[in-house]
Amino acid sequence: MSYQVFHGSIEVVCGPMFSGKTSELIRRVERAQIAKQRVQIFKPCIDIRYNKEDVVSHTSRTVKAEPVENAVDILIRLKDSTRVVAIDEVQFFDDAITTVVVKLAARGYRVICAGLDLDYRAQPFGPMPSLLAVADEVMKIHAICTICGASASRTQRLIKSKAQVLLGETDAYEARCRAHYQYDEDEEQTLLPLQEEIVPLASNLAN
Ligand code: ADP
Ligand code: MG
């Protein structure tokens, strides 16, 4: 008796807003579909920016997606014939998403995740650090800085709010390079000499 062995894997596409994460996810999904592999696409319920059941890129390319409340819902909704699991806006899930994704890969699924690596404060977003660590393949992509046209790795929030999650589009966010990104636009960011900045930081860490 022979049976087919499926090799599972975890791919993570990350970067700031407008970097093309969703477009890249859709590209991979379409190629899997051309290869006649059954794909299920999930997104967190929280992402209601566009059509509730679509994954939509900023270029308006769409694929049908299943909105889920939490990471475990993905396991519950999985169909027998599915081979590829794609998850967009993966940064909005709780930490259980890493366990779910690892379990899927161990059972032979190809898992494709797309999400913001950093939040608007340029801090690691939710479960992204652990997802990036368990991934077999990581693609970090950039947008274009709206100020200077350089490669942008940050997402600048334009609206005053301290909430980590604030859904919005070009009205609320812009892609920025490291030089033109500022956590608080009003706050004057004066630079201390590097050693003056590092020494207190290092002694805090040692204590
Ligand atoms: P993400 O999912 O990373 O937010 P999308 O795949 O939805 O990205 O959209 C990427 C598209 O956004 C680009 O192909 C481009 O047409 C558009 N876009 C708008 N603003 C920018 C920008 N500042 N830099 C790069 N692309 C941008
Ligand atoms: Mg997107």
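So the values come out like this:
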| read-out | value |
| --- | --- |
| Of Lys140/Lys162; Lys36/Lys79; Lys21/Lys160; Lys79/Lys140, pairs whose Cα-Cα distance is over 22 Å | Lys140/Lys162; Lys21/Lys160; Lys79/Lys140 |
| Accessible area (Å², 1.4 Å probe, nearest 10) - Glu69 | 140 Å² |
| Unit charges on C-beta of K, R, D, E only; dipole of region 9-141, Debye | 520 debye |
| 3J(HN,Hα) from dihedral phi, region 23-34, Karplus parametrisation 6.51/-1.76/1.60, rounded to Hz, x for glycine, proline | 4, 5, 4, 5, 4, 5, 4, 4, 5, 5, 5, 4 |
| Average Cα contact separation per residue, region 83-171, under 8 Å, 6 or more apart, as relative contact order % | 26 percent |
| Within-13-Å neighbourhood charge of Cys148 [Cβ basis; K, R +1; D, E -1] | +2 |
| Formal net charge of residues neighbouring Tyr120 (Cβ-Cβ distance under 9 Å; K, R +1; D, E -1) | +2 |
| Candidate residues His7, His142: accessible-area rank, largest first, probe 1.4 Å | His7, His142 |
| Segment Thr82-Asn204, length gained on full extension (0.36 nm per residue, minus Cα span) | 39.0 nm |
| Gyration tensor verdict on region 9-141 (Cα atoms; rounded if a/c is under 1.5, prolate if a/b is larger than b/c, oblate otherwise) | rounded |
| Most to least accessible of Thr146, Thr155 (protein chains only, probe 1.4 Å) | Thr146, Thr155 |
| Long-range amide H partners of Met139 with built H, under 5 Å | Val12, Val13, Cys14 |
| Relative contact order (%) - criterion: Cα under 8 Å, at least six apart; region: the chain | 26 percent |
| For Val63, distant residues with modelled amide H under 5 Å away | Val55 |
| Whole-Hz couplings from phi, Karplus 6.51/-1.76/1.60, listed for region 135-152; x for Gly and Pro | 5, 7, 9, 10, 10, 9, 10, 10, 9, 10, 4, 6, 8, 10, x, 6, 5, 10 |
| Packing-based order for 26-33, 88-95, using average beta carbon neighbours within 10 Å, highest first | 88-95, 26-33 |
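The values are calculated or read from the model by the stated rules, or taken from the named source; none is laboratory data. Quick caveat: nothing in here was measured; it's all calculated off a predicted structure. Virtual Cβ from ideal backbone geometry, glycine too; neighbours counted across all protein chains shown. To get the accessible areas, we keep the full protein, side chains included, count just its heavy atoms, and leave off ligands, DNA and RNA. Shrake-Rupley method; radii C 1.70, N 1.55, O 1.52, S 1.80 Å.
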